[in-house]
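Below: one structure, written as C-alpha cells.
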Amino acid sequence: MSTSDYEVLNDPESQKDVSGCSSFFKRIFTFVICLLSGLALFYLIIVLPLTNVNVLPVLKKIESLNIKLIPTKSTSFKDDETIYKSEKYITKTKWEELHPESAVEMERLIIIGDVHGSLQYLKNLLAKVGFNKDKDQVIFMGDLITKGDKSMATLDYAMENSFKGVLGNHELNVLSKYISNRDIQFDDNDVFRLPKSKYGFDDESILSRKLNSSHIEYISALPFTMDLGLVPHTDDNGNFLTAKEGLADHMGVPNPKASLDTINVGECLAIEKDWYAPYNKVMRSKAKPTVVFYGHHAGKGLNIREFTKGLDSGCVYGDQLSAIVVWTETIVNKKEMDLIVYKSELVQVECSL
Ligand SMILES: *[C@@H]1O[C@H](CO)[C@@H](O)[C@H](O)[C@H]1NC(C)=O
Ligand SMILES: [Mn+2]
C-alpha cells in the first residue's frame, strides 16, 4: 500500500465523503420503505374496501339450516289408536326440544334439484306449489346456474327471494374462474368463448365475468353440505315414518367425502358408483340414519329412495324440474296430546329445450 493510498483512506474529508454517501443511500432506502409501506396502507385501508371482492372466498363445509317448521294445519285421522301407538309422530314437547331457540319459523321447505339457469321452469315450479317468500324456504341442491340461458337472472331471483342452498360443482367452477380472471383486462368477452355445446350452454368464464361482489358473496357463502334438521321419512312404499335428520349435498363436488364424513358413509360417496345403493343399505341398519337430498346426477334422473333423494331430473336437458315440498301438521290424539307429523310431496314441472 502506498503512502498516498493510506492518506486517502485516512483523509478526514474523504471519510466524511464516504459516510455522507452511505447516509444518502440510507435515506433513499428509508424513503423507499416508507413509500412502500404508505402504498400498502393506502391499498389496505382505502383501495381494498372499495374494490369488488379482493379476498379469496372461504368455502364453508357445513351449515345448519336452523328452521323450525311450524305446523300448517290440523289433520284428523280415523284410527287414533294406531296413531298413538305409532312411531310416525313426535310429541310437541320433543319437537320443541329438538329446535334451538334461534330457529327461524317457516311453514315449508321447498327442496329443488338442479335448476341450471332455467328461470322460467323454476318460476313455473314455484307457482305450482304456491310459493310464498315469507312462509317458504327454498333450498336448492347446487348447480343453480350455468348451462341454461338465464343464469344471471336465476341468480338474482334466488338472492331476491332469499334462497338457501348448497354449492354445486358448476358454482365452484364459476368461482374459480372469477378468481383466476378478475385481474385480467379484456376488451371483449369473446376472448373466452368456447365452441358451444349442442345445448348452447353459456360459458362459465363469461358468466364469471358478469358477477359482481354481491353475487360472489352469495355464491361463496354456500356450504358444501347443509344440515336440514328433521325431515319427513318415507319407506320405499311412500309411507311416512318418524322424522329423521336430513342433509343436503350437491354431490359431484370435488371431495364430497370430506363434507359428509360426519355420517361415515366413506366409500359410498363416489357418485359415479351409484353410491345411493350401499348408502341406503348402511342407513337401514343404523339407529340414527340420515336422509340425504342431493342433485348433480341427471344421468340417473329423479331417484327417490328411503334414505336418498336424488332431485336432478335434467330440466336443462328438456326433462323435468323436481322439488320435494316439506311441511308439518299437528294431530291431537285421544289423550289430548299434540303430536307433530312431518309430511312431504314430490312436485315436478316439465321443461323443454
Ligand atoms: C349486482 O348486480 C345485481 C343485478 O344483477 C344488482 O341487483 C346488485 O345490486 C349488484 N350488486 C352490486 C354490489 O353491484
Ligand atoms: Mn353438478
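Miscellaneous remarks
- For the residue pairs Lys60/Lys92; Lys61/Lys210; Lys177/Lys286; Lys123/Lys281; Lys123/Lys286; Lys133/Lys335, alpha carbon separations beyond 30 Å are given by Lys60/Lys92; Lys177/Lys286; Lys123/Lys281; Lys123/Lys286; Lys133/Lys335.
- Which of Phe163, Phe240, Phe224 has the fewest Cβ neighbours within 10 Å, and the rest in rising order: Phe240, Phe163, Phe224
- Residue order, fewest to most beta carbons within 10 Å, for Cys34, Cys315: Cys34, Cys315
- Ranking of Leu122, Leu175, Leu311, Leu41 by count of other Cβ atoms within 10 Å, fewest first: Leu41, Leu175, Leu311, Leu122
- With 0.36 nm allotted per residue and the present C-alpha distance subtracted, the Ser23-Ile62 stretch has 8.3 nm of extension available.
- Dividing the mean sequence gap of close Cα pairs (under 8 Å, 6+ apart) by how many residues region 282-345 holds gives a relative contact order of 20 percent.
- Label point at Lys94 placed 7 Å out along Cα→Cβ; residues across region 331-348 whose backbone nitrogen lies under 17 Å: 331-343
- For the pair Asp227 and Asn132, a Förster radius of 22 Å applied to the C-beta separation gives a FRET efficiency near 0.35, rounded to the nearest 0.05.
Readers should treat all values here as calculations from the given coordinates under stated rules, not as data from a laboratory. Everything quoted here is computed from the prediction, not taken from an experiment. All Cβ positions, even for glycine, are placed from backbone atoms using ideal geometry, and neighbour counts span all protein chains on display.
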